[in-house]
Amino acid sequence: MANVAFGHLFACSGIANSTYYAGIDLGMSLGPIVGGLLYGNAPIQWFYPLSMLTMPAAWLLYAATANYVHGRTR
């Protein structure tokens with residue numbers, strides 16, 4: 001009975017979990033590759049400043065896609 005009444009909530013939870021875990025998997029697979037490319041091609045003094053750009057880049061990506069992700073307009 002609860003599955004019939006709250007089935008749509010469980011479906012949304014599954015989508016959220018898969019998105020969350022896909023982000024973790026993507027970060028764990030691309031992080032070492034990007035870090036290795038950065039280490040091999042940039043001076044070591046620039047490693048930390050270039051790594052600091054990842055968070056603002058993520059914010060910009062979220063801001064650009066928030067309406068699409070949440071399915072609404074602001």
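What are the pairs, 6+ residues apart or on separate chains, where a residue within the range 30-43 that is in contact (Cβ under 8 Å) with a residue 12 or more places away in the chain and assigned by TED's automatic domain parsing to the domain that holds residue 54 has its Cβ under 6 Å from a residue that is outside any helix (DSSP H, G or I) and small (Gly, Ala, Ser)? Nothing qualifies.
Scanning the range 30-66 for residues that are surrounded by 10 or more Cβ atoms within 10 Å (Cβ to Cβ) and of a type in the set (Ser, Thr, Tyr) turns up 39, 51, 54, 62, 65.
The values are calculated or read from the model by the stated rules, or taken from the named source; none is laboratory data. Keep in mind that this is a model prediction, so the values were computed, not measured. Cβ: placed from backbone, ideal geometry, glycine included. Neighbour counts: every protein chain shown.
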